[in-house]
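Just below is one structure, and these are the notes that go with it.
Read-outs throughout are calculated quantities, based only on the coordinates presented, and are distinct from any laboratory measurement. What you see is a predicted model; the values in this text were computed from it and never measured. A quick note on method: Cβ atoms are made from the backbone with ideal geometry, for glycine too, and the neighbour counts reach across all protein chains shown.
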Amino acid sequence: MAVVATERPFHVLAVDDSLPDRKLIERLLKTSSFQVTTVDSGSKALQFLGIHDDDASTVSVHAHQLDITVNLIITDYCMPGMTGYDLLKKIKESSSLRDIPVVIMSSENIPSRINRCLEEGADEFFLKPVRLSDMSKLKPHILKSRCREHYQQEQQHQQSDSNSNSNDCSNPTNKSSCDSSRKRKAEDNGEILPQKNRPRHS
Amino acid sequence: MDYSNLRRQAASMKKSLFDQGYLDEQFCQVEDLQDEASPNFAEEVVTLFFKDSAKLISNVEQALEKYPKDFNRWDAYMQQLKGSCSSIGASRMKSECMSFRDYCGQGNVEGCMRSFQKVKREHGALRQKLEAYFQLLRQAGQLVLLELPPGPGCKN
């Protein structure tokens, strides 16, 4: 898969309590040109993302200390303590994190579980074992979320412009890049297949 | 040292592991993730799997002793083990895990105990066979023995 990196590679935070699974997902992501941080629990994920769940932080570094922007979070569903679903909820409740796309992984094909996650805002659900071909589904979610963020910022700028009755023109560069990324979003939507409930072998 | 002969033996060993159902296609997926930057990846994952699964098996064992007839608990522990088996393509072991979970669902203590013994047997058998397989690969010179320092061309 040839990727021309004209900007920083995307950074994925992978959360899984199983060590072999963590190693696998890390390799899958790196092979697909993502930068990866792995943690073994939901609470460590939140700490890494800069949100203190409870107690003192046991994570030695935080994303902002390493100048890392997490572009996507992929998490196992079944974990002791905080499940992937709990983590998803916490992320969606956080104003600073809620726009980061979240993918849930599970070895159990339970439609009610899948729907619950999607309803809570998960962008994708992968049935384990996760494969290399699943990795191609990640980038569209990152781009979609970026475009959404950009569009929201555009809206805010336009509102404040009209409120203040300013003569400043909206920045033409920003507008055209948002348009082009919206176009790209449409293309990406064309590529995304509705595979969330695809039956898999067990 | 006849490397090509050893490579052939390794390939034939792998084929029989598939033919006998010890491994499934997921194992190929794992091996396919190997490259020059991570030449021992499959063996590393498998090693982690056996470490992890030994712990999970012990969890089930303790649960069987300490929590009689606690099928929900037994099932939850076995679910973890099954997931792990799934990740590396440990097919026969996975089947036994599923059997155990079926017996949990039926509330069948005898069945659980029997199939747990089978899970342990399959675990031991697979470990032996994969150790032999990776050793053969090592002998065949396909594994990088020396750790090379990361260079500028390093992917990661």
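Tally Lys and Arg at +1 and Asp and Glu at -1 over the other residues with C-beta under 9 Å from the C-beta of A:Leu72: what net charge comes out?
Details: positive: A:Lys139; negative: A:Asp123.
After counting each charged neighbour, the total is 0.
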Taking amide hydrogens as modeled 1.01 Å from N in the peptide plane, which residues meet the under 5 Å criterion relative to A:Met82, leaving out close sequence neighbours? A:Gly42, A:Ser43
For peptide B:43-52, compute the average count of partner chain beta-carbon atoms within 10 Å of each residue's beta-carbon. 3
Could you give each residue of the range A:94-105 its phi-based ³J(HN,Hα) in whole Hz, using Karplus coefficients 6.51, -1.76, 1.60 with θ = phi - 60°, and x for Gly or Pro? 8, 5, 7, 10, 5, 8, 6, x, 10, 10, 9, 10
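Counting other C-beta atoms within 10 Å, which of B:Tyr103, B:Tyr67 has the fewest, and how do the rest follow? Present the calculation step by step, with values, prior to reporting the outcome.
Details: B:Tyr103 22, B:Tyr67 13.
Ascending Cβ contact count within 10 Å gives the list B:Tyr67, B:Tyr103.
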Figure the gain on full extension for A:Ser162 and A:Glu93 (residue separation times 0.36 nm, minus the Cα-Cα span) and round it to one decimal in nm. 21.8 nm
What ranking do A:Tyr77, A:Tyr151, B:Tyr133 get, fewest neighbouring Cβ atoms within 10 angstrom at the top? A:Tyr151, B:Tyr133, A:Tyr77
Count, lysine Cα pairs under 19 Å in the range B:1-113, 8 or more residues apart or across chains: 8
Equivalent ellipsoid dimensions for chain B as semi-axes, Å, which come from the Cα gyration tensor, largest first: 35, 17, 12
Dipole axis of the range B:50-143 (+1 Lys, Arg; -1 Asp, Glu on Cβ), positive-most option in B:Ser87, B:Ala132, B:Val109: B:Ala132
